[in-house]
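A quick write-up on the structure given underneath.
The values are calculated or read from the model by the stated rules, or taken from the named source; none is laboratory data. If you're wondering where the values come from, they're calculated on a predicted model, not measured in any experiment. Here the Cβ is made from the backbone with ideal geometry for all residues, glycine too, and neighbour counts use every protein chain on show. Heavy atoms of the whole protein, side chains included, go into the accessibility calculation; ligands, DNA and RNA do not. Shrake-Rupley method; radii C 1.70, N 1.55, O 1.52, S 1.80 Å.
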Amino acid sequence: MSTVAVDWQKKKKGPTLTNSLKTTKLIIVTKFQILVRTGTAGGPEGPPLIFWGVSIMSKPYLPYGQQIQKLIHDKGLIINNINYAERMLTDIGYFSLIGGYKNLFINPMTRKYVGGTTFEDILALYHFDEELRTLTFSYLIKVEQKIRQLISDSFCASFGESQIQYLSPTNYNQNSKFTNDVAKLINILDYHANKNTEKSYLVHQRKVYGNVPLWVTTKILTFGQLSKFYGLLQHRQQSMISKAYSNVSEKALGQYLGCLTLFRNVCAHNERLFSHNLVQREFPDTPIHKKMNLPMTGSMYTVGKRDYFGLVIAFRYLLRKDEFLLYKKSLKKLINQYCKKSHRLTKTDLLKHMGLPTDWENITRYKI
């Protein structure tokens, strides 16, 4: 049995063999097993049978000490305090810390750290992102709470407070493409209204009043479920909700909620936030995009659509003015504090990775 490297070429249907192994995240190898045919029981003699298979080898596990040595000797990272570095890796994890935040400090040609990069540089960026998640999450919750209340208010104003109403599919969008989604939402609501025993407020309403009104049931729904709920409402209820925001249409509000749900998940799961970009969703175009003269490619804006600045613009429309000013002040302070702590990454570079234009603070100069 032998092992050789495989070079997967995009223009060809199959792999071609190369003479040397290339450094990749996953090592793909082929195994050839040659079985010699023999004349047996009348079976035909002939050339050997060759069995070909592919196996994928993942990165091996390394103890923290070996991880640190690899960073120093193979990657050129400066680690002044090995004990401290090992403690941080133990608390955070190599994948979350190094894997999550190394890219801004790596030379793409050599795949080694830019000269002078220290472990503390990576850690400082991690802590900046950690504080950014905390700040962002606190304001996402404000948007979530308001939407939670607006949904229950608009629905109950139209159909009443009986749980029978929100468990009836006739009170939702009747377009056939939403039939399955409406059924799924009602199943969730039915469980909380009639079966959930983990939340005392649900049990209390059920036992004392024999009815769990929507403003109680929605309390337990996730941001994603609330976003779906809004999308399944009839146009009249969506219109009532969107009017609570200045210059936000029913469609745009649905887009905002879908995008904010994904950013909320990033915060909740401690994933990298500052450079996060949406893949299948984007924020709607707004007058803010035009007034700030944001860069475009053709008719498409290149910032403020899938990046963190898109979230900033969403907050401008969905938060109260006083809330947004506090958020903006805190974000500005957080960015400036990081730039003072670490000189390895310039403020211009940091803003670029966040999708923030250099004059992003001017966002409050324009009316919405």
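Results, tabulated for the structure shown:
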{"item": "Gyration tensor (alpha-carbon) shape descriptor, region 257-317, a/c threshold 1.5", "result": "prolate"}
{"item": "Heavy-atom accessible surface of region 47-192: percent carbon and sulfur, 1.4 Å", "result": "56"}
{"item": "Relative contact order (%) - region 228-362, alpha-carbon pairs under 8 angstrom, separation at least six", "result": "21"}
{"item": "More than 22 Å apart - percent of Cα-Cα pairs taken over region 156-294", "result": "49"}
{"item": "FRET efficiency, His204 to Lys333 (Cβ-Cβ, R0 41 Å, nearest 0.05)", "result": "0.45"}
{"item": "Cα centroid of region 88-127 to Cα centroid of region 303-331, whole Å", "result": "28"}
{"item": "Residues of region 146-264: accessible area per residue with a 1.4 Å probe, Å²", "result": "49"}
{"item": "For region 233-280 and region 145-179, distance of Cα centres in Å", "result": "19"}
{"item": "Over region 184-297, relative contact order from alpha-carbon pairs under 8 Å, at least 6 apart, %", "result": "16"}
{"item": "Stretchable slack from Arg281 to Ser249, in nm (0.36 nm times residue separation minus alpha-carbon distance)", "result": "9.8 nm"}
{"item": "Set Lys290/Lys332; Lys102/Lys251; Lys177/Lys321; Lys142/Lys305; Lys228/Lys329; Lys70/Lys305 screened for pairs whose C-alpha atoms are more than 27 Å apart", "result": "Lys102/Lys251; Lys177/Lys321; Lys228/Lys329; Lys70/Lys305"}
{"item": "Per-residue HN-Hα couplings for region 89-99 [Karplus 6.51, -1.76, 1.60; θ = phi - 60°; Hz; x = Gly/Pro]", "result": "5, 5, 6, 9, x, 4, 4, 6, 8, 6, x"}
{"item": "Heavy-atom accessible area ranking, 1.4 Å probe, most first, across Arg264, Arg344, Arg148", "result": "Arg344, Arg264, Arg148"}
{"item": "Cut-off under 5 Å, modelled amide H: who pairs with Lys112 long-range", "result": "Asn107"}
{"item": "Segment Gln165-Ile79, length gained on full extension (0.36 nm per residue, minus Cα span)", "result": "24.7 nm"}
{"item": "Per-pair calculated FRET efficiency, R0 = 35 Å: Lys367 and His343 via Cβ, rounded to 0.05", "result": "0.40"}
{"item": "Surface accessible to a 1.4 Å probe, Glu120 within the full protein complex, Å²", "result": "70"}
{"item": "For Lys195, solvent-accessible area (1.4 Å; no DNA, RNA or ligand), Å²", "result": "120"}
{"item": "Förster-model FRET efficiency, 25 Å R0, Asp190 and Trp215, C-beta, rounded to 0.05", "result": "0.90"}
{"item": "Which of His289, His127, His269, His343 is most accessible, then next, and so on - probe 1.4 Å", "result": "His343, His269, His127, His289"}
{"item": "Karplus-derived 3J(HN,Hα), 6.51/-1.76/1.60, for each residue of region 141-152, Hz, glycine and proline x", "result": "5, 5, 5, 4, 5, 5, 5, 4, 6, 5, 5, 5"}
{"item": "Cβ-defined net charge surrounding Asn277, 11 Å radius [Lys, Arg +1; Asp, Glu -1]", "result": "+2"}
{"item": "Relative contact order %, region 76-141, counting alpha carbon pairs below 8 Å whose residues are six or more apart", "result": "41"}
{"item": "Solvent-accessible surface (1.4 angstrom probe) belonging to Trp215, in square angstrom, nearest 10", "result": "130"}
{"item": "Accessible-area order (highest first, 1.4 angstrom probe) of the listed residues Asp285, Asp129, Asp190, Asp121", "result": "Asp285, Asp190, Asp121, Asp129"}
{"item": "Share of carbon and sulfur in the accessible heavy-atom surface of region 209-368 [1.4 Å probe, %]", "result": "49"}
{"item": "Sequence-distant residues sharing a close amide H with Thr117 (under 5 Å, placed H)", "result": "Ile78"}
{"item": "Hz values of 3J(HN,Hα) by residue in region 210-227 - Karplus curve (6.51, -1.76, 1.60), Gly and Pro given as x", "result": "x, 7, 10, x, 4, 5, 8, 5, 5, 4, 9, 6, 6, 4, x, 5, 5, 4"}
